[in-house]
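What follows is one structure encoded as structure tokens, with my remarks underneath.
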Amino acid sequence: MKYVILGSGRGSNADALLRAQAEGRLGPARCVGVFCDKAGAGILGVAARHGVPSFTPDPGAFRTKFAPEVEAAWADALRETGAELVVLAGFMRVIKAPLLDAFPGRIINLHPSLLPAFPGLDAIGQAWRMGVRYAGCTVHFVDATVDGGRIIDQAAVRREDSDTLESLEEKVHAAEHALLPGVVRGLALGEIR
């Protein structure tokens, strides 16, 4: 199964996926490209270290979404890789019809909360401020709603009294780095549909 990763930042989840792939833990899944909407983002260096082609198509004028014609161009670029799955890993844009229509039921997103709790930006900070005892992460299929779509799997982490926001973030990121490769492997092997 060929997949692409879309990201906007450091690329720690892309790195976790590509390390799992290099170690043979993703089954038949193979990354055929990393796409980023920000020139110079860390994820591009992650792709280079793992020998994966990276692409930075024009993201257009908006910061958190694409204009329809720009999103259609991204969909075309993704299709050209032969990708069967699109993995959003720290991609900070809302996906709409052009991409959803190009990859129906084949786009997944990693979100740093136990959805449906704390959708949107700063999910770990939202959980911290609410004082929850359990935070975590979710991988879900992407639909037209923000952080909606059917949940595939989740991982919870306990917030201890000694935790700081930073230590809680570290716990959630560690959970993400384990959860996402497991989901991609399950999809590649047909264990998740």
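Cα-based count: Lys pairs in the chain below 23 Å, eight or more positions apart or different chains? Numbers along the way, then the final one.
On the way: Lys2/Lys96; Lys38/Lys65; Lys38/Lys96; Lys65/Lys96.
So the count of such lysine pairs works out to 4.
Using θ = phi - 60° and the Karplus curve 6.51 cos²θ - 1.76 cosθ + 1.60, what whole-Hz ³J(HN,Hα) does each residue of segment 18-28 get, with Gly and Pro shown as x?
These are the phi-based 3J(HN,Hα) values: 5, 5, 4, 4, 4, 8, x, 8, 9, x, x Hz.
Taking a spot 7 Å from the Cα of Phe62 along the direction of its beta carbon, which residues of segment 69-109 have an amide N less than 17 Å from it?
Only 69-76, 91-102 fall inside the zone, counting backbone N under 17 Å.
Under a 5 Å amide H to amide H cut-off, with H placed in plane at 1.01 Å, what residues pair with Gly136 once short-range neighbours are removed?
Long-range HN contacts for Gly136: Leu114, Val157.
Run lengths n ≥ 4 of DSSP H only: what is the helix-derived mean residue ellipticity at 222 nm for the chain, with -39500 (n - 2.57) per run over all residues, to the nearest 500? The partial results should precede the final answer.
Details: 6 runs with 70 residues, N = 193.
Result for the chain: -11000 deg cm²/dmol, rounded to the nearest 500.
Once you charge only the Cβ atoms, +1 for Lys and Arg and -1 for Asp and Glu, what is the size of the charge dipole of the chain about its Cα centre, to the nearest 20 debye? Please report the intermediate quantities before stating the final value.
Numbers: 21 positive and 22 negative charges, 47 e Å.
The calculation lands at about 220 debye.
Given labels modelled 7 Å from the Cα in the Cβ direction, how far is it in nm from Lys2 to Ala144?
Each label point is offset 7 Å from its Cα along the Cβ direction, giving 2.9 nm.
Looking at segment 141-171, which GluC sites (Glu not before Pro) are DSSP coil and have at most 16 other C-beta atoms within 10 Å of their C-beta? Could the numbers behind the result be given before it?
Values: sites: Glu160, Glu166, Glu169, Glu170; in loops: Glu160.
Qualifying residues, ordered by number: Glu160.
Values quoted throughout were computed directly from the atomic coordinates according to the rules given, and no laboratory measurement underlies them. Quick caveat, the model's predicted, so the values are computed rather than measured. Please note: Cβ atoms are built from the backbone with ideal geometry, for glycine as well, and neighbour counts cover all protein chains shown.
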